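First up is the structure itself, then whatever we jot down about it.
The values are calculated or read from the model by the stated rules, or taken from the named source; none is laboratory data. Predicted model, so just to flag it, every value in this text is computed and none were measured. Counting neighbours? That spans all protein chains shown, and the Cβs are built from the backbone with ideal geometry, glycine included.
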């Protein structure tokens with residue numbers, strides 16, 4: 001199980017970096033502090049291009065994969081036999 005946990009940790013690091021990069025690639029829609037607190041709701045309703053929609057899909061799938069890795073790591077560490085290295 002230790003090798004599987006190491007593989008999951010490597011995958012978690014890769015998907016974490018990929019997720020940060022994908023989020024940074026998204027087009028900014030805000031214009032300041034007012035948009036952070038709900039002032040830019042109408043700007044979110046605009047249609048985006050095909051590239052933005054594909055970027056949204058890829059980001060969502062990477063996020064799902066990232067969350068699954070975290071859940072698997074939690075399950076493995078919970079049921080790991082204590083005292084055996």
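List of remarks:
- Looking at 19, 68, just one residue is surrounded by 10 or more Cβ atoms within 10 Å (Cβ to Cβ), modelled with pLDDT of 95 or more and touching a helix residue (DSSP H, G or I) at 6+ places or on another chain (Cβ under 6 Å), and that residue is 19.
- Selection within region 71-82 - touching a helix residue (DSSP H, G or I) at 6+ places or on another chain (Cβ under 7 Å) and exposed (fewer than 15 other Cβ atoms within 10 Å of the Cβ): 76
- Among the residues of region 30-52, those that are farther than 20 Å from residue 15 by Cα and at pLDDT 70 or above comprise 49, 50, 51.
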